[in-house]
Ligand SMILES: NC(=O)c1ccc[n+]([C@@H]2O[C@H](COP(=O)([O-])OP(=O)(O)OC[C@H]3O[C@@H](n4cnc5c(N)ncnc54)[C@H](O)[C@@H]3O)[C@@H](O)[C@H]2O)c1
């Protein structure tokens, strides 16, 4: 069977996509690359020429519009700075391509509405690479939640805690543009919670500034959100990037947790009660999830490979990817409401009418 061709724009996070060329089980291959200013990332070269040779890729360019003209490319993978996603999504869809876009899908409610309109107008597939939904331990937590053993969910929390100072060193657009972390960081815990509980009805949010003098001193980078879901669940989101990372062994600043009427899940640990019996156990983790030969892949590479697999199935079977344009738009809308809440000091209703 003829493979689907992919072109990748941006060779930081986007480099993870290239490993599909080493896996014979994929029906997709990366055939072209675009990067404007390739660099070294964590000691790994991302220069176009090095990558081209290493992964056997025929074509490279520094202008993404060159990719859009190629008939051998069916999917465009967008892995550029957040604020460039919308323009690249739009141009790719207009050129008839399917789109994989890393998180955040886009960075405003207006861009989210327009993305939904364009995906539907051009009848293409769009998948947002929210890596958390493809991490083994989270997949196991979701599977367990879906058994219903926690009972009716009452409250939850999710966090994204990442000291950005070393990331700023290698990726200066994050403080120069600057990155809007309420879209680009908070989308991790917001999307994770939406995966379990669906649409968010209302948001109340607070924000504060960074410990790093390179990030604009008057722009918030650390956030606390209180969410009320339409199904009645209340949740808190901690999203902090402008901090000094909590010390090892301290337990950190809070991870993922759900409390239901019959049980509680914290990360991979579960306690639930059934017929008067208490069950305490640990769910399988990422290390137990074997879906590639030899367990060679972990972290973002494993997640990226998993979402490419889902995207190719969506294209070949004409189904919608799980994190499609609507899911991406609803997640974006929560961040938009959170900004409005921070600016007005009030709880704000979330736009969900996509
Ligand atoms: N968990 C995750 O899914 C995850 C993790 C890290 C980054 N990301 C996302 O990936 C995106 C990129 O982040 P990163 O960490 O890879 O940043 P990065 O700075 O390491 O890499 C971005 C790359 O894009 C290239 N680029 C910039 N403008 C371009 C243009 N106009 N045309 C072509 N190439 C261009 C740069 O040269 C650079 O090589 C961001 O949206 C970020 O949120 C997602």
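Any residue that is modelled with pLDDT of 95 or more, within 19 Å of residue 105 (Cβ to Cβ) and surrounded by 12 or more Cβ atoms within 10 Å (Cβ to Cβ) - is there at least one of those in region 341-351?
yes
So, in region 139-149, exactly how many residues are within 16 Å of the ligand (Cβ to nearest atom) and surrounded by 20 or more Cβ atoms within 10 Å (Cβ to Cβ)? I'd like the intermediate steps shown before the answer.
The first filter runs over region 139-149 and keeps only residues within 16 Å of the ligand (Cβ to nearest atom), leaving 139.
Those left that are additionally surrounded by 20 or more Cβ atoms within 10 Å (Cβ to Cβ): none.
So the answer is 0.
Go through region 103-134 and count every residue that is in contact with a helix residue (DSSP H, G or I) (Cβ under 6 Å, 6 or more places away or on another chain) and over 17 Å from residue 184 (Cα atoms).
The qualifying residues number 8.
Applying the selection to region 136-156, what residues are touching a strand residue (DSSP E or B) at 6+ places or on another chain (Cβ under 8 Å) and part of a helix (DSSP H, G or I)?
Selection gives 141, 144, 145.
Exactly one condition in (1) under 23 Å from residue 102 (Cβ atoms); (2) touching a helix residue (DSSP H, G or I) at 6+ places or on another chain (Cβ under 7 Å) is not met by residue 153; state its number.
(1)
Here is a list: 22, 15. Which entry is modelled with pLDDT under 95 and near the ligand (Cβ under 10 Å from one of its atoms)?
15
Just one of (1) assigned to a helix (DSSP H, G or I); (2) within 20 Å of residue 237 (Cβ to Cβ); (3) not assigned by TED's automatic domain parsing to the domain that holds residue 228 trips up residue 111, so point out which.
Failing condition for residue 111: (2).
Regarding residue 52, is this residue outside any helix (DSSP H, G or I) and modelled with pLDDT under 95?
no
Collect the residues in region 66-105 that are in a loop (DSSP other than H, G, I, E, B), within 11 Å of the ligand (Cβ to nearest atom) and either closer than 18 Å to residue 307 by Cα or modelled with pLDDT under 95 (or both), keeping them in residue-number order.
Residues satisfying the conditions are 79, 80, 103, 104, 105.
Which strands (runs of 3 or more DSSP E) does region 204-277 wholly contain that include 3 or more residues that are within 21 Å of the chain's Cα centre (by Cα) and in contact (Cβ under 8 Å) with a residue 60 or more places away in the chain?
222-229, 234-240
What pairs come out if I take residues in region 308-327 that are within 14 Å of residue 28 (Cα to Cα) and pair them with residues that are in a helix (DSSP H, G or I) whose C-beta lies under 7 Å away, six or more apart or interchain?
Short answer, once both residue conditions are applied: 308/17; 308/20.
Can you find even one residue in region 179-196 that is within 10 Å of the ligand (Cβ to nearest atom), surrounded by fewer than 20 Cβ atoms within 10 Å (Cβ to Cβ) and either touching a residue at least 40 places away in the same chain (Cβ under 8 Å) or not in a helix (DSSP H, G or I) (or both)? Explain how you work it out, then say what you get.
At the first step, the residues of region 179-196 found to be within 10 Å of the ligand (Cβ to nearest atom) are 179, 181, 183-185, 187-188.
Keeping just the survivors that are surrounded by fewer than 20 Cβ atoms within 10 Å (Cβ to Cβ) gives none.
Looking for residues that are within 10 Å of the ligand (Cβ to nearest atom), surrounded by fewer than 20 Cβ atoms within 10 Å (Cβ to Cβ) and either touching a residue at least 40 places away in the same chain (Cβ under 8 Å) or not in a helix (DSSP H, G or I) (or both), one finds none in region 179-196, hence no.
Which numbered condition trips up residue 133, out of (1) more than 18 Å from residue 330 (Cβ to Cβ); (2) part of a helix (DSSP H, G or I)?
Just one mismatch for residue 133, condition (1).
The values are calculated or read from the model by the stated rules, or taken from the named source; none is laboratory data. Note that the structure is predicted; figures quoted are calculated from it, not measured. When we count neighbours, we look across all protein chains shown, and the Cβ atoms used for this are built from the backbone with ideal geometry, even at glycine.
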